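Step one of this worksheet: look at the structure below.
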Amino acid sequence: MPTEKDDRSPVALELRDVSADQRMFSPSVARNSAPILAALKRVLPTHGAVLEIGCGTGEHAVCFAGGMPNLTWQPSDPDADARTSTSSWIKFAGLTNVLAPLDIDVCSGRWGVEQTGRFDAIVSINMIHIAPWAASLGLFAGAGRLLRTGGLLVLYGPFMRDGAHNAPSNAAFDAALKEKNPSWGLRDIADLEQVGGATGLKLRETIDMPTNNMLLVFSTRSA
Ligand SMILES: C[S@@+](CC[C@H](N)C(=O)[O-])C[C@H]1O[C@@H](n2cnc3c(N)ncnc32)[C@H](O)[C@@H]1O
């Protein structure tokens, strides 16, 4: 299985520590937060509402909300421990622009936020390869339903391109994921573009990130 040196281990496997107030600490988040924040600052609007899918420990949520104070950050995760940690991180950080985490499983047809108005962006980090393909389909379907015109779906993680891995370490990681669960594995950008096409989302930009990860920016049609 992936080791701690990877940037992509399932949250439950890589956690080192839980503080007395239930904050969980992820070594990979400590490494990747700064480069992801820098990329998000460039691609996200300065104002608006962002929904984070699969927020894990909640460290990203407070880092990004702190770094982009004019955004309202809505974290979510179907895992109860992740939501507890995220709530504790929000309290610890004392930020007013992060909302309490929601229980959203992208595979469900409704996410429970349909009534709150459309989001300017949906961000999901290191989620779709550690979940069945149905999660990718559900994520894009939800983004198609819930993003405003011109809104962004931003994905971070390791990806394949036209059936090929971009590094031997990603090939090994893919094999390890599939060994753990055959329905997991790195997703191909071409497959994601196809799903995006069916849900009204077009790939606008791919950004190379440290340790052979990428940030993919999809957007709905502009007005
Ligand atoms: C590897 S962790 C990444 C967590 C965090 N984004 C990070 O980068 O540290 C994957 C997260 O996706 C969540 N997840 C898995 N399946 C999901 C689904 N169907 N819908 C939404 N989130 C899901 C898990 O609960 C977990 O917190």
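Any read-out appearing in this document is the output of simple, stated calculations on the displayed coordinates, not a laboratory observation. Fair warning: this is a prediction, and the values are worked out from it, not measured in the lab. We place every Cβ from the backbone using ideal geometry, glycine too, and count neighbours over all the protein chains shown.
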> What dipole magnitude, in Debye to the nearest 20, does region 11-220 give about its Cα centre under +1 on Lys/Arg Cβ and -1 on Asp/Glu Cβ?
Replying inline: 440 debye
>> Multiplying the sequence separation of R221 and V18 by 0.36 nm and subtracting their Cα-Cα distance, what value in nm do you get?
In response: 68.9 nm
>> Projecting each Cα onto the charge dipole of region 11-220 (Lys/Arg +1, Asp/Glu -1 at the beta carbon, about the Cα centre), which of L99, A141, G117 comes out farthest on the positive side?
In response: G117
> What is the sum of charges around G200, taking Lys and Arg as +1, Asp and Glu as -1, for the other residues whose C-beta is under 11 Å from the C-beta of G200?
Replying inline: +3
>> Just to confirm a number: summing +1 for Lys and Arg and -1 for Asp and Glu over residues other than L147 whose beta-carbon lies under 14 angstrom from that of L147, what do you get?
In response: +3
> Listing H47, H129 from the residue with the fewest other Cβ atoms within 10 Å to the one with the most, what is the order?
Replying inline: H47, H129
>> With only alpha-carbon pairs counted, each pair once and no self-pairs, how large is the Kirkwood hydrodynamic radius of the chain in angstroms?
In response: 17.4 Å
